[in-house]
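Taken together, the values in this text are just the output of simple stated rules run on the coordinates, not laboratory data. On a predicted model such as this, the values are computed, not experimentally measured, just so you know. So basically every Cβ, Gly included, is an ideal-geometry build from the backbone, and we count neighbours across all protein chains shown.
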Amino acid sequence: MPHGTDLRQACLNDLEAIGVLEHTIFAGQQPYGSVALRQLFAHHGSEWVVAVDGGVVGYVLVLAKEGKATLFTFAVAESYRERGLGRRLLLFALDKCVAANVEVVTLTVRPANEHARKLFKKVGFEKVDSDEEYFGSNGSRDIMERTLDPADVFYHSADGSRDDEPIRDGVAPAGATDQPEPMTGFRRNQSLARAGR
Ligand SMILES: CC(C)(COP(=O)(O)OP(=O)(O)OC[C@H]1O[C@@H](n2cnc3c(N)ncnc32)[C@H](O)[C@@H]1OP(=O)(O)O)[C@@H](O)C(=O)NCCC(=O)NCCS
């Protein structure tokens, strides 16, 4: 893990960098455009998390409504991969979902995306369905789900903790200095958009 990589709630100023990463990483896979990100941020930004090392180097964007959430895009910059950052981001995002009273998180992943599928399984997602024509001629998707409990605490610390089981005592982890500001100014339950990729 590069030193100084912090996780925090996304803010408006991050959207441009998220859009650039999105277009780089998902080139040819219908990346989300800046206008869509801007519009979705207005309603769902309180559940979006970014990894920052000078600039944005990773993100998890979630859409939540009435106890259900969709993870609609998630990525780590190539030079930051395979060091646990994706896992940390995901756990951090799950904490945001718990705080937003989400009971189940759903995501779409391509069956060929082995790294992502492996990571999702490790943090407790299970395949619940598939859709052969979801991406049209671009192929099928697996749908994975993870249920949440209001007592779940997933994100342990900034040291890259590896435990995948949530902490059940609800105590904030020692050293978790990069917790986001409390959510203010956002409504928690908003419209649910289509799943990602
Ligand atoms: C998927 C992605 C976010 C993972 O980010 P990351 O920071 O590399 O993930 P981590 O380092 O936290 O890896 C966590 C787990 O993922 C799996 N994984 C990640 N990279 C892997 C690799 N190259 N080979 C095998 N497994 C890998 C492993 O299970 C790993 O756990 P382990 O270290 O105990 O083996 C990143 O590869 C990425 O941005 N991919 C392109 C975008 C994408 O596919 N997004 C998901 C769309 S659904």
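Condition check: hydrophobic (A, V, I, L, M, F, W, C), within 12 Å of the ligand (Cβ to nearest atom), within 20 Å of Asp129 (Cβ to Cβ) and touching a residue at least 12 places away in the same chain (Cβ under 8 Å). Does Leu107 satisfy that? So Leu107 passes the test. Taking every residue in the stretch 64-90 that is at positive phi and pairing it with any residue that is near the ligand (Cβ under 10 Å from one of its atoms), at least 6 positions away or on another chain, the pairs with Cβ-Cβ distances below 8 Å are Gly84/Met1; Gly84/Gly160; Gly84/Arg162. Against the definition (more than 13 Å from the ligand (Cβ to nearest atom) and either under 26 Å from Asp142 (Cα atoms) or touching a helix residue (DSSP H, G or I) at 6+ places or on another chain (Cβ under 9 Å) (or both)), how does Val57 come out, yes or no? Against the criterion (more than 13 Å from the ligand (Cβ to nearest atom) and either under 26 Å from Asp142 (Cα atoms) or touching a helix residue (DSSP H, G or I) at 6+ places or on another chain (Cβ under 9 Å) (or both)), Val57 does not qualify.
When Asp142 is tested against the conditions (1) in contact with a Pro (Cβ under 8 Å, 6 or more places away or on another chain); (2) under 20 Å from Asp14 (Cα atoms); (3) in a strand (DSSP E or B), the lone failure is (2). Applying a threshold of 6 Å to beta carbon distances and a minimum spacing of six or more residues, or different chains, the list of pairs starting in the stretch 111-134 at a residue that is within 19 Å of Tyr155 (Cα to Cα) and ending at one that is of a type in the set (A, V, I, L, M, F, W, C) and surrounded by 12 or more Cβ atoms within 10 Å (Cβ to Cβ) reads Ala116/Val109; Phe120/Met144; Val123/Leu90; Phe125/Met144.
Has the stretch 57-64 got any residue that is touching a Cys at 6+ places or on another chain (Cβ under 9 Å) and crowded, with 22+ Cβ neighbours inside 10 Å? Yes: the stretch 57-64 contains one or more residues that are touching a Cys at 6+ places or on another chain (Cβ under 9 Å) and crowded, with 22+ Cβ neighbours inside 10 Å.
All of (1) surrounded by fewer than 17 Cβ atoms within 10 Å (Cβ to Cβ); (2) within 13 Å of the ligand (Cβ to nearest atom); (3) small (Gly, Ala, Ser) hold for Ala99 with one exception: (2).
Being charged (D, E, K, R), under 14 Å from the mean Cα position of the chain (by Cα) and more than 15 Å from the ligand (Cβ to nearest atom), is that true of even one residue in the stretch 31-52? Yes: one or more hits.
Restricting the stretch 110-138 to residues that are small (Gly, Ala, Ser) and more than 9 Å from the ligand (Cβ to nearest atom), which is surrounded by the most Cβ atoms within 10 Å (Cβ to Cβ)? If we take residues in the stretch 110-138 being small (Gly, Ala, Ser) and more than 9 Å from the ligand (Cβ to nearest atom), then Gly124 is surrounded by the most Cβ atoms within 10 Å (Cβ to Cβ).
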